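Asks: There's a structure below that I have some questions on.
The values are calculated or read from the model by the stated rules, or taken from the named source; none is laboratory data. Source: prediction; values computed, not measured. We place every Cβ from the backbone using ideal geometry, glycine too, and count neighbours over all the protein chains shown. Just so you know, the surface numbers come from the protein's heavy atoms only, side chains and all, with ligands and any DNA or RNA stripped out. Shrake-Rupley method; radii C 1.70, N 1.55, O 1.52, S 1.80 Å.
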Amino acid sequence: MGLRINDIVPDFTAMTDQGEISFHDWIGDSWAILFSHPKDFTPVCTTEFGAVSQLADEWAKRGTKVIGLSVDSADEHVKWKSDIEGFAGAKAGFPIIADEDLSVSKAFDMLPAEAYLPDGRTAADSASVRSVFIISPDKKIQLMMIYPMTVGRNFAEVLRALDGLQRTYQQPLATPANWTAGQDVIVGLALDDAAAEAKFGKLDKKLPYLRFAKNPD
């Protein structure tokens, strides 16, 4: 059975370029984002790690820890970070998991159980290890994205999705299409009009089932 939204994220102990971590302990009481890569020193992944590095202040502003994963060693990750930082012009201060035995990739259902890395492996051997997981402080998966090898991830969209998740977390709210932080939000149908207005103020009722409220603080 694959992972689903609202599942407790798998816990694991793994080596990173910054030392050993226990994943749940590393998350602590924060939001977290795990983004995975099929191999070090690959072109698209280098641009993606660079984009994550450039957004360091944005992750911190949202109380969110970010962690990468690649199937090479921690020593290789250290060397790769030099390329990433040179390309991006920003420090890659986040850890990168060394998933050499594929145990984390398999636990997160990115690879089949029988997958292995042959001698002389290339990124194609672990091509499906290109996922994004956004995890809430209760250690539950809130969002999953899976990308192919040929399309670089849009981390502006990851940031937008994180804003939406944090805005609606444990509240009867949702965000509409193309929503960005600060815009009006949708009030869930669990509240009738009176209860919704008591909680969120005057509603903008587009349809009986589509009711907007000013973005609450």
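Asks: Just checking, does the range 91-108 include any residue being at negative phi, in a loop (DSSP other than H, G, I, E, B), at pLDDT 90 or above and among the small types (G, A, S)?
Replies: Yes, the range 91-108 contains a residue that is at negative phi, in a loop (DSSP other than H, G, I, E, B), at pLDDT 90 or above and among the small types (G, A, S).
Asks: Just to be sure I understand, how many residues within the range 145-176 are part of a helix (DSSP H, G or I) and either more than 15 Å from the chain's Cα centre (by Cα) or surrounded by 15 or more Cβ atoms within 10 Å (Cβ to Cβ) (or both)? Give the derivation first.
Replies: First pass over the range 145-176, keeping only residues part of a helix (DSSP H, G or I): 155-168.
Filter again for either more than 15 Å from the chain's Cα centre (by Cα) or surrounded by 15 or more Cβ atoms within 10 Å (Cβ to Cβ) (or both), leaving 155, 158-168.
Total satisfying the criteria: 12.
Asks: Those residues that are under 21 Å from Q142 (Cβ atoms) and of a type in the set (A, V, I, L, M), I need them from the range 1-44; list them, please.
Replies: Passing the criteria: M1, L3, I5, I8, V9, I21, I27, A32, I33, L34.
Asks: Moving to a separate point now. Looking at K139, K202 in this structure, which one is open to solvent by 60 Å² or more (accessible area, probe 1.4 Å) and of a type in the set (K, R)?
Replies: Details: K139 fails: open to solvent by 60 Å² or more (accessible area, probe 1.4 Å).
Of the residues listed, the single one that is open to solvent by 60 Å² or more (accessible area, probe 1.4 Å) and of a type in the set (K, R) is K202.
Asks: Please enumerate the residues belonging to the range 50-77 that are at pLDDT 95 or above, surrounded by 15 or more Cβ atoms within 10 Å (Cβ to Cβ) and of a type in the set (A, V, I, L, M, F, W, C).
Replies: Matches in the range 50-77: A51, V52, L55, A56, W59, V66, I67, A74.
Asks: Further, regarding this structure: Would you please list the contacts, defined by Cβ atoms under 7 Å and residues six or more apart or on different chains, that run from a residue in the range 184-209 that is outside any helix (DSSP H, G or I) to a residue that is loosely packed, with under 11 Cβ neighbours inside 10 Å?
Replies: The qualifying pairs are L189/Y209.
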